[in-house]
Amino acid sequence: MKHTTAAKLLAGGAACALALSTAFAQETSTTTTTAGSTGVSASTSSTTLNGSGTITTYTPGSDYISFRSETSAEPVKYYYTKSTTVVDPEGKTVEWSMLKPDMPVTYTYVKEGDRMVITKVTLTKPISYYKKETTTTTTTAP
């Protein structure tokens, strides 16, 4: 009976580890460059990470955007570059000017030294959801 309990615990632990690794999806790539005949090489490694949260700060013309993640109450600053893309849930490109605070998003980023650099921001709702239409009704008195 001891073997059965141990097997169940081991299987449960393996299932939890698999679920945890799926929840924190990441992709690692390593680039090695060799220079000249001396064989001097440099290696850099970057890990692509994913997150989700809500935009808290975005100022056009700045070099950063802040998100409040689902797991943290404090906003975190992420930098972006000219190659950072913003897309809607269908993958269509969205203009940066459409981003507003309180928009829920998912994002992909890499750590470059002590900075986190966004490579892609995906809106979780279509941009049409955020465009407000106003209607004006005019009533004339007899």
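Only the coordinates and a few stated rules stand behind these numbers; no lab work does. This one's a predicted model, so the numbers in the text were calculated from it and none came from an experiment. Please note: Cβ atoms are built from the backbone with ideal geometry, for glycine as well, and neighbour counts cover all protein chains shown.
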Based only on the alpha carbon positions, what is the Kirkwood hydrodynamic radius of the range 47-141, in angstrom?
14.4
Work out the FRET efficiency for residue 102 and residue 71 from their Cβ-Cβ distance, taking R0 = 22 Å, and round it to the nearest 0.05.
0.80
What order, most packed first, do the peptides 106-118, 81-93 have when packing is the mean number of other Cβ atoms within 10 Å of each residue?
106-118, 81-93
Under 14 Å Cα to Cα from residue 131, which aspartates and glutamates show up? Leave out anything in the same chain fewer than 8 places away.
88, 95, 102
